[in-house]
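Each reported figure results from applying straightforward, stated rules to the coordinates on display, with no laboratory input. It should be emphasised that the depicted structure is a prediction, and the values quoted were computed from it without experimental measurement. Virtual Cβ from ideal backbone geometry, glycine too; neighbours counted across all protein chains shown.
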Amino acid sequence: MEQDILSLTTPIKVDEIKALNPGDQILLSGQIFTGRDVALPKLVQLANQGELVDMGIELTGGVIFHTAVSRAGTGPTSSNKQDIENSIVQLSKHGIRIHLGKGTLSNETILNMSNYDAAFAIIPPVTALLKKKIIKQNILLFPEAGVEAFHVLEIKSVPAIIAAVNGDSIFGRERI
Amino acid sequence: MNLKGVKEKIVEAVVRASSIMTDDKKKIFQNIIEEEKSANAKWILEQMLENAYIAEEQRSPMCDDTGVPHLLLEIGKGKSLTCDLLSLIEDAVRIGLKKLPGRPMAVLGDDIQRIEQSCGLDELSEAVVPAPIIIKRVEEPILRLHILMQGGGPEIRGLTKRVFHHHDIKTVEDEIVQWSIEAVRYLGCSPCTLAIGIGRSHLESTALMTEAQIYGRHGVQTPLEKSITQRVNSCNVGPIGIGQGVSVLGTFIRIGPQRASGVRIVSLRPCCYMEPRLASVDIF
């Protein structure tokens, strides 16, 4: 059975998150951030210290794609790595609406994230396909981290599936 | 011996391993897409196959985690390996990574700095050095290099561990199935191919698991391999963990000599959907 595909463009509103269900197919467009093991803990620290505003970085309504950015392309890294998963609830508090990555998250993360109207979407590692959908890329913070720096990407119709939202998920299992 | 020609073949093999999905894998994808009932699973599998076709056409990486090169060299009767040839192989792999291009992810610094990743990354794709080479004697009169590009996701979920077998293969199978379900569930890159080595030590079992990725074929499955695939699939992890559809495409097992003991050492790698990313070159 075919499913309707929802198009979402950043900045994403709370109402748009509330209307989502686990298993929804989405196409994401607009400006999104990237970060992974090195950048995300540092980003959380800057956000908690209130320093991002002075840097002209607004997280509210944003999407963070858990990926490196390199000449090899982009693709999701495992979101359940500690440095990344630990950032999800923290960055949701600061207004990130969609965390985009891969792998199962813990029930605790799924529930706490939903308290801040944030969702987790998963994307298959399809680097060659994504190359056609990334229009621009720039480093915003932590250039010393190389491919793991905090980037902003301009994207068009990147496919993903909502894995966890509003306290519910497609996983339905405890992590051992 | 045309050394220039050998070098070019190895360079091309690095690019091929990273950008071309094997024909048997593509055929499996076509079959499961046709049979798939879940709309979400079908959508994901179609994207994976489209990704494979685009990567092949553009000769670009299938995944941005282009992986760490793992090399296995088969040496047959009458063939020899010299230090110069090893240098040539290493140099060709470097050029291949540059040409691909591989993700620049070599970690800089001394021992502690590399562990802490506190000195950043090398900007060059070719700075990623291969893992220690495995050399294997074979009967065939060949000198053949196999190049495997090993991504990081499966390394997080892979493991090498002992099993007390109680003199029953079922005990070993049950453990493998249990580990595999857990590994595939959290991987995020399914449908997987499970690569398994069973030997006497952690090193030997990991080498056997590496061989399993080289010699395994999706169309040729033993009863044990089929049983593991079927049992892990019954847990409905699905493509990228969506809870519906196929989770495992096949299982490749290599069983080596065993220790006179109640223990077996098992190495498991849940290879992601595009793996094994493998290319082979006949050097001489």
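Some observations on this one:
- Residue in the stretch B:34-47 that is within 14 Å of chain A (Cβ to nearest Cβ), surrounded by 18 or more Cβ atoms within 10 Å (Cβ to Cβ) and free of Cβ contacts under 8 Å to residues at least 40 places away in the same chain present: yes
- Here B:Gly76 passes the criteria (1) away from every other protein chain (no Cβ under 14 Å); (2) buried (at least 16 other Cβ atoms within 10 Å of the Cβ); (3) among the small types (Gly, Ala, Ser); (4) over 21 Å from the mean Cα position of the chain (by Cα) except the one numbered (2).
- Qualifying residue in the stretch B:118-125 (condition: within 29 Å of B:Leu143 (Cα to Cα) and among the charged types (D, E, K, R)): no
- Only residues that are assigned to a helix (DSSP H, G or I) and in contact with a strand residue (DSSP E or B) (Cβ under 6 Å, 6 or more places away or on another chain) were counted in the stretch B:186-209, giving 7.
- Residue under evaluation B:Arg114, criteria (1) touching a residue at least 24 places away in the same chain (Cβ under 8 Å); (2) more than 21 Å from the chain's Cα centre (by Cα); (3) within 14 Å of another protein chain (Cβ to nearest Cβ), criterion not met: (1)
- Residues of the stretch B:144-185 that are in a strand (DSSP E or B) and under 21 Å from the mean Cα position of the chain (by Cα): B:Arg144, B:Leu145, B:His146, B:Ile147, B:Leu148, B:Met149, B:Gln150, B:Leu159, B:Thr160, B:Lys161.
- Odd one out for A:Arg36 among (1) outside any loop (DSSP other than H, G, I, E, B); (2) within 13 Å of chain B (Cβ to nearest Cβ): (1)
- Residue match in the stretch B:8-15 (condition: surrounded by 20 or more Cβ atoms within 10 Å (Cβ to Cβ), touching a residue at least 24 places away in the same chain (Cβ under 8 Å), under 15 Å from B:Leu148 (Cβ atoms) and away from every other protein chain (no Cβ under 14 Å)): yes
- Residue check, B:Glu90 out of contact with any helix residue (DSSP H, G or I) (no Cβ under 9 Å at 6 or more places or on another chain) and either more than 9 Å from every other protein chain (Cβ to nearest Cβ) or among the polar types (S, T, N, Q) (or both): yes
- Residue, nearest to B:Gly67 (Cα to Cα), within the stretch A:63-99, restricted to residues that are hydrophobic (A, V, I, L, M, F, W, C) and more than 14 Å from chain B (Cβ to nearest Cβ): A:Ile64
- Condition check for A:His99: in contact with a helix residue (DSSP H, G or I) (Cβ under 8 Å, 6 or more places away or on another chain) and more than 26 Å from B:Arg103 (Cα to Cα): no
- 2 or more residues crowded, with 24+ Cβ neighbours inside 10 Å and of a type in the set (Gly, Ala, Ser): qualifying strands (runs of 3 or more DSSP E) within the stretch A:48-132: A:119-122
- Of the residues making up the stretch B:52-65, those that are facing chain A (nearest Cβ under 7 Å) and free of Cβ contacts under 8 Å to residues at least 60 places away in the same chain are B:Ile54, B:Ala55, B:Gln58, B:Ser60, B:Pro61, B:Asp64.
- Scanning the stretch B:151-174 for residues that are closer than 30 Å to A:Ser79 by Cα, touching a residue at least 40 places away in the same chain (Cβ under 8 Å), away from chain A (no Cβ under 14 Å) and not hydrophobic (A, V, I, L, M, F, W, C) gives B:Thr160, B:Lys161, B:Arg162, B:Glu173.
- When B:Leu108, B:Leu71 are checked against the criterion of being in contact (Cβ under 8 Å) with a residue 12 or more places away in the chain, of a type outside the set (Lys, Arg) and facing chain A (nearest Cβ under 10 Å), a single residue qualifies: B:Leu108.
- Some residue of the stretch B:94-105 being away from chain A (no Cβ under 14 Å) and touching a residue at least 12 places away in the same chain (Cβ under 8 Å): yes
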